[in-house]
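Q: Please find one structure pasted underneath; my questions will follow.
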Amino acid sequence: MDVLADIHDPAINLAVWQRMLDDALAADAARLLRFQCEPLRLELAVADVAAALPGAMVAAGWPPAPRIAMDMALLAGCLADVMACAAVSLRLEVITGDACRKYHADQVTARLITSYAGPGSQWLCDGDAAALAAGVSPDQVVPEQLQPGEVALFKGRRWSATPIIHRSPPIAGTGQRRLVLVINPAEPECLS
């Protein structure tokens, strides 16, 4: 997880922690993937995340998933440590279609993303991102893709003139589902 701190290097717009989910976490994710719950959205102090998540998930209609809740709290803490912020906004969602299918950069300072189950986010190397910006068809660029369990920290437009260009993997009509966690710093001064 220390690799996430590499995001502070001006030449880096994406840091990836290449982790694999343990069996218990993968089982929790597979179970949640079968449900079609409303997205869980929270904004709270990092110190409150671990205690608040289990109850917030159940209140939002999610089945109990203690391993996912613990991991979400761990990842919120990782983001808070790297970005030096005391609060985060968090979203957990089952995605069944092409959520953000067009290549884009997020209007945030930084964003942590992981797919607990299903295909991970896709991103472009700087050369392909520049080619796309110059007018090349999206079909002519070759995206990289996160694997389930890997954790990515993206630089957004509010931090960098060269943010990471990415998209959700196109899954509409394939029957695939994704369980995705997104965490953003909740405070604009996180970079100071």
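The values are calculated or read from the model by the stated rules, or taken from the named source; none is laboratory data. Predicted, not measured: the structure shown is a model, and the values here were computed from it. Don't worry about glycine lacking a Cβ; one is built from the backbone with ideal geometry, like all the others, and counts go over all protein chains shown. We work out accessible area using only protein heavy atoms, side chains counted, and drop any ligands, DNA or RNA first. Shrake-Rupley method; radii C 1.70, N 1.55, O 1.52, S 1.80 Å.
Q: Which condition from (1) of a type in the set (G, A, S); (2) open to solvent by less than 40 Å² (accessible area, probe 1.4 Å); (3) over 16 Å from the mean Cα position of the chain (by Cα) is the one that G127 breaks?
A: Unmet condition: (2).
Q: Sticking with this one: Can you pull out every residue in region 23-41 that is exposed (fewer than 13 other Cβ atoms within 10 Å of the Cβ) and touching a Gly at 6+ places or on another chain (Cβ under 9 Å)?
A: Hit for region 23-41 is E38, nothing else.
Q: State yes or no: is L90 at pLDDT 95 or above, in a strand (DSSP E or B) and within 16 Å of the chain's Cα centre (by Cα)?
A: For L90, the condition - at pLDDT 95 or above, in a strand (DSSP E or B) and within 16 Å of the chain's Cα centre (by Cα) - is met.
Q: Moving to a separate point now. When you scan region 112-129, do you find a residue that is closer than 15 Å to R167 by Cα and among the charged types (D, E, K, R), even just one?
A: yes
Q: Looking only at region 165-188, decide whether some residue is over 29 Å from D23 (Cα atoms), open to solvent by less than 70 Å² (accessible area, probe 1.4 Å) and among the charged types (D, E, K, R).
A: yes
Q: Show me the strands (runs of 3 or more DSSP E) entirely contained within region 98-192 in which 2 or more residues are in contact with a Gly (Cβ under 7 Å, 6 or more places away or on another chain).
A: So the answer is 110-117, 178-185.
Q: Taking only pairs six or more apart or across chains, which ones have beta-carbon atoms under 6 Å, a first residue in region 99-110 that is buried (at least 16 other Cβ atoms within 10 Å of the Cβ), and a second residue that is β-branched (V, I, T) and assigned to a loop (DSSP other than H, G, I, E, B)?
A: Once the first residue is buried (at least 16 other Cβ atoms within 10 Å of the Cβ) and sits in region 99-110, its partners that are β-branched (V, I, T) and assigned to a loop (DSSP other than H, G, I, E, B) give Y103/I165; A105/I165.
Q: Here are some conditions: (1) over 30 Å from A134 (Cα atoms); (2) touching a Ser or Thr at 6+ places or on another chain (Cβ under 9 Å); (3) surrounded by 15 or more Cβ atoms within 10 Å (Cβ to Cβ). N13 meets all but one. Which one does it not meet?
A: (1)
Q: OK, next. G127: modelled with pLDDT under 95, small (G, A, S) and under 19 Å from Q176 (Cβ atoms), yes or no?
A: In short, no.
Q: Could I ask something else about it? Yes or no: region 67-79 includes at least one residue that is open to solvent by 40 Å² or more (accessible area, probe 1.4 Å), more than 27 Å from P170 (Cα to Cα) and free of Cβ contacts under 8 Å to residues at least 40 places away in the same chain.
A: yes
Q: Taking region 160-176 as the region of interest, how many residues are touching a residue at least 12 places away in the same chain (Cβ under 8 Å) and either in contact with a strand residue (DSSP E or B) (Cβ under 6 Å, 6 or more places away or on another chain) or among the β-branched types (V, I, T) (or both)?
A: Counting residues in region 160-176 that are touching a residue at least 12 places away in the same chain (Cβ under 8 Å) and either in contact with a strand residue (DSSP E or B) (Cβ under 6 Å, 6 or more places away or on another chain) or among the β-branched types (V, I, T) (or both) gives 8.
Q: For region 45-66, name all the residues that are open to solvent by less than 30 Å² (accessible area, probe 1.4 Å) and outside any helix (DSSP H, G or I).
A: Matches in region 45-66: W62, P63, A65.
Q: Among the residues in region 135-155, are any open to solvent by less than 40 Å² (accessible area, probe 1.4 Å) and basic (K, R)?
A: Yes - at least one qualifying residue is present in region 135-155.
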